[in-house]
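Below is one structure, written out as structure tokens; the observations come after it.
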Amino acid sequence: TESLHEGEEFPIDVHLDPSFLALAEDDELKISSPVHVQGKAYRASDWIIVDACVSVPVTLPCAMCNDPFTRIIELKRWVHEEKAPKNGVLDLEEALREDILLEIPFFALCNGDSCHRIGEIEHFIHKERPAEGHRPFLAALE
């Protein structure tokens, strides 16, 4: 970062080893492909600003059938600013790790907005039906 002068842009196009995400011990989340970061960094006074797109394929279990599936996690515009370090080395791994992990859905289905095995498990899903003629909100107004 010391060689980056005010107003200059530094292009970024890197594939990072996913080990920085520290998910090796996680039984459910698996990331075996590199994290792709593409964008630019520039200096504004004493600050370094990174403006990039980030993408990584993540394997996780379906919330419905529990089968593993892969989804691409994308940060279409990852912007991070940090005070320019005195040693000239900017370490963004922890900030990038946090933002990637925040994008992983808590409740994800293997087939987009549905589950590919919904037909097999549908009879196990409890479908509560309102009692005939029961209208609790309307009854409160009467």
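The values are calculated or read from the model by the stated rules, or taken from the named source; none is laboratory data. Please read all numbers here as calculations on a predicted model, not as lab measurements. Note that each Cβ is placed from the backbone with ideal geometry, even for glycine, and that neighbours are counted across all protein chains shown. Just so you know, the surface numbers come from the protein's heavy atoms only, side chains and all, with ligands and any DNA or RNA stripped out. Shrake-Rupley method; radii C 1.70, N 1.55, O 1.52, S 1.80 Å.
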Within the accessible area of segment 1-85, what % is carbon and sulfur when the probe is 1.4 Å and the other protein chains stay in place? 50 percent
Give the residue list of trypsin sites (Lys or Arg not before Pro) in segment 3-103 that are DSSP loop and have at most 15 other beta-carbon atoms within 10 angstrom. K86
